[in-house]
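Report on the following structure.
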Amino acid sequence: MILSDKKILECVEKGEIVITPFDESNMGGNSYDVHLSKHLAQYIDECIDAKKHNEIKHFEIPEEGFVLQPGQLYLGSTLEYTETHKHVPFLEGKSSTGRLGVDIHATAGKGDVGFCGYWTLEISTSKPVRIYAGMPIGQVIYYVVDGEVERNYGKKTSAKYHNQDHLPKESMMWKNNF
């Protein structure tokens, strides 16, 4: 079951959902719009190795915007910091973003109960497109969890992305044993 706008607002008031900054005008009927921060990053190495800590270089979107290029992976972050203590957050692209040919996540649209931080976006595009800091980039949808959660993300010792700061984060796959 997806939370309605009214239910999201109730959860924000109770502190079960935290969105900072929060602006009620960003509420949809069953979602909350999030915006692109000014921070982007790209991997330094041409070949990314899943068993290695791959370094990234951070840069900021200038006032005049930044042109995304096809065939490139960009890591971005949301302007909004979120916490979800009782619900499962899903980040999806806005239809307006998709109609520009911009994908905001490769596979990582689902968060976990207990996630606290800024969302890292895995951004790619099918055509060159100019993007801007502060533009609406996605929407967070909240799902009800059926049953008690025993493995809250924020309490897992293996939680690699908990308490993410405002900068995009590179993959931490290398921390897994495989």
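Listed conditions (1) part of a loop (DSSP other than H, G, I, E, B); (2) buried (at least 16 other Cβ atoms within 10 Å of the Cβ) are all met by ASP49, apart from (2). Of all residues in segment 79-98, those satisfying the criterion of being out of contact with any helix residue (DSSP H, G or I) (no Cβ under 8 Å at 6 or more places or on another chain) and not in a strand (DSSP E or B) are HIS85, LYS94, SER95, SER96, THR97, GLY98. Beta carbons closer than 6 Å, at least 6 apart along the sequence or on distinct chains, pair a first residue in segment 4-17 that is at negative phi with a second that is part of a helix (DSSP H, G or I) and at pLDDT 95 or above for ILE17/CYS11. For segment 117-144, what are the residues that are more than 11 Å from the chain's Cα centre (by Cα) and not in a loop (DSSP other than H, G, I, E, B)? SER124, THR125, VAL129, ARG130, ILE131, PRO136, ILE141, TYR142, TYR143, VAL144 - these are the residues of segment 117-144 that are more than 11 Å from the chain's Cα centre (by Cα) and not in a loop (DSSP other than H, G, I, E, B).
The residue pairs whose first member lies in segment 120-137 and is among the aromatic types (Phe, Trp, Tyr) and modelled with pLDDT of 95 or more, whose second member is in a strand (DSSP E or B) and surrounded by 15 or more Cβ atoms within 10 Å (Cβ to Cβ), and whose beta carbons are closer than 8 Å, counting only pairs six or more residues apart or on different chains, are TYR132/LEU36; TYR132/PHE66.
Test of understanding: among GLY29, GLY76, which residue is small (Gly, Ala, Ser) and assigned to a strand (DSSP E or B)? Full working, then the answer.
Values: GLY29 fails: assigned to a strand (DSSP E or B).
Going through GLY29, GLY76 in turn, the sole match is GLY76.
The values are calculated or read from the model by the stated rules, or taken from the named source; none is laboratory data. A quick note: this is a predicted structure, and the numbers were derived from the prediction, not measured. Cβ atoms come from the backbone with ideal geometry, glycine included; neighbour counts cover every protein chain shown.
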